[in-house]
Amino acid sequence: MSTRENPGGGAGPAEPQAGREQSQPEGSVLIEGAPTGSARDIFAAAVAAQRLVPVLRLPSPAAAVERTRSLLEAGCRVVELTTTTPDWPQALAGCRELAKTAGKAALIGMGTVTTAAQAATAVAAGAQFLVSPFPAPEVRPIAERTGIVLVEGGFTPAEIADAASRGPAKVFPAHVGGPAFIRSLRAVLPAAQLIPTGGIAAGQAGDYLSAGALAVGIGSGLPADPAGLAGLFQVAA
């Protein structure tokens, strides 16, 4: 996918939340080799540069670590694990350690986070961002307190507008409305940073980006071979 101007990269509707300037926890996005700035700005810049965000639902922590290794070697610098992976805190901790050991300035986050308990566990395991598939009011206070970005999900315009008022918003399941839905959302929410996810193949991502998406979440269909993976990511390994 060729690099082009990002139509969804404008500042979100709300000012960065309070607490961003406080001392950052272990799971924060202020990582070695990353640009400085607010957690939200760092995350938005990273996903806007990468354009595709792998969403990994795998059968074991070992499989998650191995897949993350192949993604990092291909140049990927933002990876979303999910709480549907068995023993997901172990998977997250393993992937964070992998990124540190490999010296990669990568953001490793946790998706499908819907409860306060999951959010607290994810932060403790080193999550650098959190993602929910739908509105997650229990998660918001933990994200606010720790300074970690929450990409909150929504499907209706009201849900998406609410999520976008706090930061990047996940549009899920995006395939139901397709690129036309993203284009319509951007018409009424021109500053929103939208990350459509769900039912999108890698080959369809360009249509969503052209419609105004900040980036696109891809949960399946990523190439297995290193050359194919490398061709998808624009950030140099």
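Please treat every number below as a calculation from the coordinates, not as lab data. Every value quoted in this text rests on a predicted model; they were computed, and no experiment measured them. Note that each Cβ is placed from the backbone with ideal geometry, even for glycine, and that neighbours are counted across all protein chains shown.
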message: Taking 8 Å as the Cα distance limit and 6 or more residues as the minimum spacing, I'd like the relative contact order of the range 95-181 as a percentage.
response: 22
task: Assign one of three labels to the range 71-228, namely rounded, prolate or oblate, based on the Cα gyration tensor with a ≥ b ≥ c the square roots of its eigenvalues; rounded applies when a/c is under 1.5, prolate when it is not and a/b is larger than b/c, and oblate otherwise.
output: oblate
field: Phi-based couplings in Hz for the range 48-63 (Karplus 6.51, -1.76, 1.60; Gly and Pro marked x)
entry: 5, 6, 7, 6, 10, 10, x, 10, 9, 10, 10, x, 7, x, 4, 5
statement: For the range 105-237, averaging the sequence separation of alpha carbon pairs under 8 Å that lie six or more residues apart and dividing by its residue count, the contact order in percent is 15
field: Point-to-point label distance, residue 97-residue 165, nm (Cα→Cβ direction, 7 Å offset)
entry: 4.2
message: Per-residue counts of other Cβ atoms within 10 Å, averaged by peptide: what ranking do you get for 111-119, 136-144, highest first?
response: 111-119, 136-144
message: Could you work out how much longer the chain between residue 227 and residue 49 gets when fully extended? Use 0.36 nm per residue separation minus the Cα distance between them, nm to one decimal.
response: 62.1 nm
- request: Using label points projected 7 Å from each Cα along Cα→Cβ, tell me how many nm separate residue 144 and residue 84, to one decimal.
  value: 3.0
- prompt: For all pairs of alpha-carbon atoms in the range 129-171, what percent lies in each bin of width 10 Å, listed from the first bin to the last filled one?
  reply: 35, 57, 8
